[in-house]
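This report refers to the structure that appears directly beneath it.
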Amino acid sequence: MAYVDTKDILDKASEGYYGVAAFNINNMEFFHAILEGALEKKSPLIIETSEGAIKYAGMNDPYRGARFFVNMIKDMANTVDIPIALHLDHGNNFDIIMAAIKAGYSSVMIDASHEVFEENMRITKDIVRIAHAAGVSVEAELGQLSGIEDNVEAAENVLVNVDEAKEFCETTEVDFFAPAIGTSHGAFKFKGEAKLDYDRLKKVKEVTGKPLVLHGASSVVQEYVKIAEEYGADFGGSKGVPADVLKQTVEYGINKVNTDTDLRIAYVAGLREFLAHDAKQFDPRKYQRKAMDYVKKVVMERIDILGSANKI
Ligand SMILES: O=C(CO)COP(=O)(O)O
Ligand SMILES: O=C[C@H](O)COP(=O)(O)O
Ligand SMILES: [Zn+2]
Ligand SMILES: [Zn+2]
């Protein structure tokens with residue numbers, strides 16, 4: 001169909017109260033596996049790359065890395081019949097954000113959430129001005145991702161403040177907004193029960209009216225953790241955001257659901273399983289296929305959970 005603005009995908013999702021997964025990639029194989037899954041589900045697709053992914057792909061040259069991803073994804077988008085957007089995840093380095101905008105990313109995230117509120121607003125507003133002038137939409141974040149502990153006072157300090165969220169969105173004119181509501185990145189999100197602050201989420205949706213983004217949203221699917229561990233991995237104690245919790249967040253206004261860890265675990269499970277059974281194989285197209293099939297399955301399962309199938 002086309003290479004599109006992330007905002008187009010997310011405005012529709014926000015109106016329709018469904019979620020679209022944003023999948024992190026570092027290379028072609030993950031992109032192909034994700035694309036196969038999205039095509040089968042006829043789902044809009046957001047691909048995102050971290051600054052680290054851009055440096056990796058560009059052999060430490062950000063502009064070269066950003067061009068690498070734009071070329072791969074834009075070209076492919078023009079040959080398939082689903083909308084695809086390319087997003088810079090957790091942009092923090094000015095040069096890399098500029099490289100992504102210049103190379104043709106659909107959108108960028110400016111993550112100045114570690115700064116104090118006023119400074120976060122100032123930095124975000126600056127990036128919005130530059131990005132919008134280039135026709136690129138912007139995501140920004142408020143609060144810190146570190147999970148809700150039993151201590152409520154500590155949670156207050158890391159979770160998004162609703163009044164600040166309103167002021168932040170109005171002042172900066174960001175296109176989509178990531179409120180911290182209790183998730184964290186990686187495979188070890190919760191010690192006990194997965195607990196997110198739904199009330200806070202509902203209020204943020206109400207006061208901002210923006211498409212909302214959930215970071216650290218992987219489910220850490222135990223089926224793949226088990227396979228990986230059967231073949232030598234050690235992810236003891238891993239725990240993610242369960243599917244029913246994700247569905248609930250979508251119902252309360254989350255539209256972009258960032259997913260990296262689930263794909264990494266599925267891939268490494270497939271790779272370990274395949275290699276353990278075929279000691280003679282050294283063709284990457286063969287030994288990566290099972291890993292890609294597992295990634296594709298995770299992608300399709302997430303599309304079903306979030307409700308973006310047939311929304312093209
Ligand atoms: O938030 C993410 C990327 O920005 C990814 O989160 P996970 O580590 O839960 O996959
Ligand atoms: O949010 C972070 C993403 O999972 C990307 O991580 P990375 O910096 O290892 O590429
Ligand atoms: Zn952050
Ligand atoms: Zn994130």
Check your understanding: Going by the conditions given, is residue 78 among the polar types (S, T, N, Q) and closer than 29 Å to residue 182 by Cα?
Key -> no
Review point. Quick one: what pairs do we get from region 254-272, first residue under 19 Å from residue 50 (Cα atoms) and within 16 Å of ligand 3 (Cβ to nearest atom), second at pLDDT 95 or above and basic (Lys, Arg), C-beta under 8 Å, 6+ apart or different chains?
Key: 257/302; 259/302
Review point. Is it the case that region 49-63 has a residue that's crowded, with 24+ Cβ neighbours inside 10 Å and within 16 Å of ligand 2 (Cβ to nearest atom)?
Key: yes
Check your understanding: Which pairs do you get when a residue that is more than 16 Å from ligand 1 (Cβ to nearest atom) and assigned to a helix (DSSP H, G or I), found in region 10-24, comes within reach of a residue that is open to solvent by 50 Å² or more (accessible area, probe 1.4 Å) and of a type outside the set (Lys, Arg), reach meaning Cβ atoms under 9 angstrom, with the pair 6+ apart or on two chains?
Key -> 14/209
Check your understanding: With 216, 240 as the choices, which residue is within 16 Å of ligand 1 (Cβ to nearest atom) and on the phi < 0 side of the Ramachandran plot?
Key -> 240
Review point. Being open to solvent by 20 Å² or more (accessible area, probe 1.4 Å) and more than 15 Å from ligand 1 (Cβ to nearest atom), is that true of even one residue in region 84-94?
Key: yes
Practice item. Would you point out which residue out of 223, 206, 251, 301 is over 20 Å from residue 14 (Cα atoms) and either surrounded by fewer than 17 Cβ atoms within 10 Å (Cβ to Cβ) or in contact with a strand residue (DSSP E or B) (Cβ under 8 Å, 6 or more places away or on another chain) (or both)? Key: 223
Practice item. Could you tell me which residue of region 163-199 is nearest to the chain's Cα centre (by Cα), considering only residues that are modelled with pLDDT of 95 or more and open to solvent by 70 Å² or more (accessible area, probe 1.4 Å)? Key: 173
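The values are calculated or read from the model by the stated rules, or taken from the named source; none is laboratory data. As the structure is a prediction and not an experimental result, all values here were calculated from the model. As a convention, Cβ positions derive from the backbone with ideal geometry for all residues, glycine included, and neighbour counts pool all protein chains shown. Ligands, DNA and RNA are stripped out before the accessible areas are found, and what is left, the full protein with its side chains, is counted by its heavy atoms. Shrake-Rupley method; radii C 1.70, N 1.55, O 1.52, S 1.80 Å.
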